[in-house]
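Here is the structure we will look at.
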């Protein structure tokens, strides 16, 4: 389901770790039953479980769902010390089966790829099970380059258009996903808390900066082919700034924790 290579997932993992909200992870953990069954949706190489495992109750049992055998193989090797079951499954076709008998739900860098309808199904299933959710590292549409370039807005607007295309779940939420998560949680009567989890990419993080610039330029050119020449010129200018160690880049993300209200 991820559609992302193990190399890209490994490259982003330390930036994800630095951006995550520890407070919301602890809040999520406080809402769990003893020895909970947690499903991690779209788990990729297991980064979300690795980041959260130490904060969860003793005896937590994980089930990681993804449909990419390559990333599942990496996850199996890297999560050997934890109690993890691996489930190869298409989240677009069988979300309810993926959740199964889980008592809590986690996901990372997933919500911006899916549609409103899919999020509604997710929260309906969570409400049926009274299952808390921790949905982290959802892009919120904010970006900041330093130094600025005259075509930053042009490129990022095209990139936002690409983020909203259908990725197999219906029209993707893109930068509106975090806001919609909160609305969907309230619709089923869940309490919800959110916190920024922005990437801060320094000028010496050359491989990450190059990967982001190439990815943004490629997606933007696909979304608006008529602008491809300007986008490629922007990419080349940004590559020169990276080589000179002059470029920093911040990417907005948001973590969301939603849970049933406890009754007195």
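The values are calculated or read from the model by the stated rules, or taken from the named source; none is laboratory data. Treat the numbers as computed from the prediction; the structure is a model and nothing was measured. Glycine gets a Cβ as well: all are built from the backbone with ideal geometry, and neighbour counts include every protein chain shown.
Being free of Cβ contacts under 8 Å to residues at least 24 places away in the same chain and part of a helix (DSSP H, G or I) is the filter; apply it to segment 50-71 and report the residue that is farthest from residue 11 (Cα to Cα).
By that ranking, first place goes to 54.
I'd like to check something: does segment 27-50 contain any residue that is surrounded by fewer than 16 Cβ atoms within 10 Å (Cβ to Cβ) and touching a helix residue (DSSP H, G or I) at 6+ places or on another chain (Cβ under 8 Å)?
Scanning segment 27-50 turns up no residue that is surrounded by fewer than 16 Cβ atoms within 10 Å (Cβ to Cβ) and touching a helix residue (DSSP H, G or I) at 6+ places or on another chain (Cβ under 8 Å).
Yes/no matrix, rows are residues, columns are (1) at pLDDT below 95; (2) in a loop (DSSP other than H, G, I, E, B); (3) out of contact with any strand residue (DSSP E or B) (no Cβ under 6 Å at 6 or more places or on another chain):
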| position | (1), (2), (3) |
| --- | --- |
| 159 | no, no, yes |
| 193 | no, no, no |
| 203 | no, yes, no |
| 210 | no, no, yes |
| 215 | no, no, yes |
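Any chance you could count how many residues in segment 98-116 are more than 19 Å from residue 49 (Cβ to Cβ) and in contact with a strand residue (DSSP E or B) (Cβ under 9 Å, 6 or more places away or on another chain)?
3
Here is a list of conditions, (1) touching a strand residue (DSSP E or B) at 6+ places or on another chain (Cβ under 9 Å); (2) more than 23 Å from residue 52 (Cβ to Cβ); (3) assigned to a helix (DSSP H, G or I), and residue 240 meets all of them except one; can you say which number that is?
Here residue 240 meets the rest and fails (1).
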